[in-house]
Amino acid sequence: MDAAALEEEKIALRAHMRALRRSLDENSRLALSGAACAFVFESSVWRQSACVALYMAARGEIDCSPLLKAALNDGRRVLLPLCRRRGEEWSMRFAPCTDPAKLRTGSFGILEPPVPEAGLGEGLKEVPDFLLVPGLAFDYGGFRLGQGGGFYDRLLSDPAWENTFCAGFAYAFQIVEHVPRAPWDRPVRALCTENGLVRVGAVRVED
């Protein structure tokens, strides 16, 4: 598939998935999110992780805030995405979250930890044990279609994150037969929806 056809396929799938997410009412979104979070709670991967990287849901994304609250209550270290623009380049790092009440609206209208510009240095390169990855669509090979900014694509390709257990977090309707992808795309290691937590290859993650 040439680049133009690949991009056209991505645009169509993004539009379809955004429409499906918008069709969920708030009660349904919270119920499905809670069910998916329950499968994360039950996994040995979660229980063994001292540092977890999550995200703040936006635009109808499946919500992992129950995991954020539980992790902080358990005394785990929690990291959240922090996006910044320097000139024409955007970058995403992860910053510590110690209190959800202190989060502030940042880039793209998403809540972020309040890290001053002076603090955006080497200290934000911490690598977690466990990472939940949002997306618009995933397939059972673990490949992902995101919003198009490439933030998580670059992250998953970073050798420093090789030992992090990266799981896609999505509604079951976001899992498709095949996600359009380029040769440089990298898969997540597992998928979690309201129907369960599965490793890539559709094998249930057991304790």
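Kindly point out which whole DSSP H helices in the chain project their C-alpha atoms 20 angstrom or further along the helix axis while averaging a Kyte-Doolittle hydropathy of -1.0 or above. Walk me through the numbers on the way to the answer.
Numbers: long enough: 3-22 (28 Å, -0.35); 26-42 (24 Å, 0.59).
Membrane-span-like by this rule: 3-22, 26-42.
By its C-alpha gyration tensor, with a ≥ b ≥ c as the square roots of the eigenvalues, how is region 1-92 shaped: rounded for a/c under 1.5, else prolate for a/b larger than b/c, else oblate?
Numbers: a/c = 2.17, a/b = 1.41, b/c = 1.54.
Note, shape of region 1-92 comes out oblate.
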>> Sequence gap at least 6, Cα distance under 8 Å: using those rules, report the relative contact order of region 38-108 to the nearest whole percent.
In response: 24 percent
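Which whole-number percentage describes the relative contact order of region 125-207, with Cα contacts under 8 Å and a sequence gap of 6 or more? Can you show the working numbers first?
Values: 148 pairs, mean separation 28.6, N = 83.
RCO, region 125-207: 34 percent.
At a 10 angstrom cut-off on C-beta neighbours, averaged per residue, how do the peptides 104-112, 169-177, 188-196, 157-165 rank from highest to lowest?
Details: 104-112: 14.3, 169-177: 19.3, 188-196: 21.0, 157-165: 12.7.
Going from most to least packed, we get 188-196, 169-177, 104-112, 157-165.
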> If you average the sequence gap of Cα pairs under 8 Å that are 6 or more apart and divide by the length of the chain, what percent do you get for the contact order?
Replying inline: 22 percent
> Within straight cross-link reach of Lys125, meaning Cα distance under 26 Å, which lysines are found once same-chain residues fewer than 8 apart are removed?
Replying inline: Lys69, Lys102
>> Assuming 0.36 nm per residue, please report the length gained on full extension of the stretch Asp2 to Glu177 beyond their Cα-Cα distance.
In response: 61.0 nm
>> Restricted to Cα positions, what overall size does region 3-204 have along the principal axes? Three whole-Å values, descending.
In response: 42, 42, 34
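Where a number appears in this text, it was derived from the coordinates with a stated rule and is not lab data. None of the values given here were measured: they were computed from a predicted structure. Here the Cβ is made from the backbone with ideal geometry for all residues, glycine too, and neighbour counts use every protein chain on show.
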